[in-house]
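For reference, the structure discussed in these notes is given below.
The values are calculated or read from the model by the stated rules, or taken from the named source; none is laboratory data. Keep in mind that what you see is a predicted model, and the values were worked out from it rather than measured. Virtual Cβ from ideal backbone geometry, glycine too; neighbours counted across all protein chains shown. With ligands, DNA and RNA removed, areas are computed over all heavy atoms of the protein, side chains included. Shrake-Rupley method; radii C 1.70, N 1.55, O 1.52, S 1.80 Å.
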Amino acid sequence: QVQLVESGGGLVQPGGSLRLSCAASGSISRINTMGWYRQAPGKQRELVADITRGVSRNYGRTNYADSVKGRFTVSGDNAKNTVYLQMDSLKPEDTAVYYCYANLITGEVNWGQGTQVTVSS
């Protein structure tokens, strides 16, 4: 199992930026993919971005939802076992709770506690 701790959410004006961090601990060597989902009030949870890590032969490959392409960047720091989500040109529709996740090679998915991102003037 992998434990995930998120940080970096908050309130930002439209057009602004935020960076989310997700620090992993535990069975790090079993991580295949890490990334971010988000869930807005009254909506289903949706994939925002992910990046392949650890044992995957596609290490470092990234994937983005169409709605965030060109504005969000997902990256990883192996030394810190941390994945980041840099969010630029934020829009009110980006307002949601953002959840970090880790997809393990066993098929298990572990989740962080979530961090609120609010984009409002």
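Values as computed for the structure displayed
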{"quantity": "DSSP-defined antiparallel bridges as percent of all bridges, the chain, nearest 5", "calculated": "95"}
{"quantity": "Rounded to whole Å, sorted largest first: equivalent-ellipsoid semi-axes of region 7-69, Cα gyration tensor", "calculated": "25, 14, 12"}
{"quantity": "The chain, relative contact order [Cα under 8 Å, separation at least 6], %", "calculated": "36"}
{"quantity": "Ratio Rg/Rh [Cα only; Rh per Kirkwood] for the chain", "calculated": "0.96"}
{"quantity": "Euclidean distance between Cα centres, region 82-121 to region 1-40, Å", "calculated": "5"}
{"quantity": "Carbon/sulfur fraction of accessible area - the chain, other protein chains in place, 1.4 Å, %", "calculated": "45"}
{"quantity": "Farthest positive-ward along the chain dipole, Cα basis, beta-carbon charges - from Ser120, Met34, Ala65", "calculated": "Met34"}
{"quantity": "Accessible area per residue, Å², the chain with all protein chains present, probe 1.4 Å", "calculated": "52"}
{"quantity": "Built amide H within the under 5 Å cut-off of Gly76, gap 5+", "calculated": "Tyr84"}
{"quantity": "Net charge dipole size for the chain [Lys, Arg +1 and Asp, Glu -1 on Cβ; Debye, nearest 20]", "calculated": "200"}
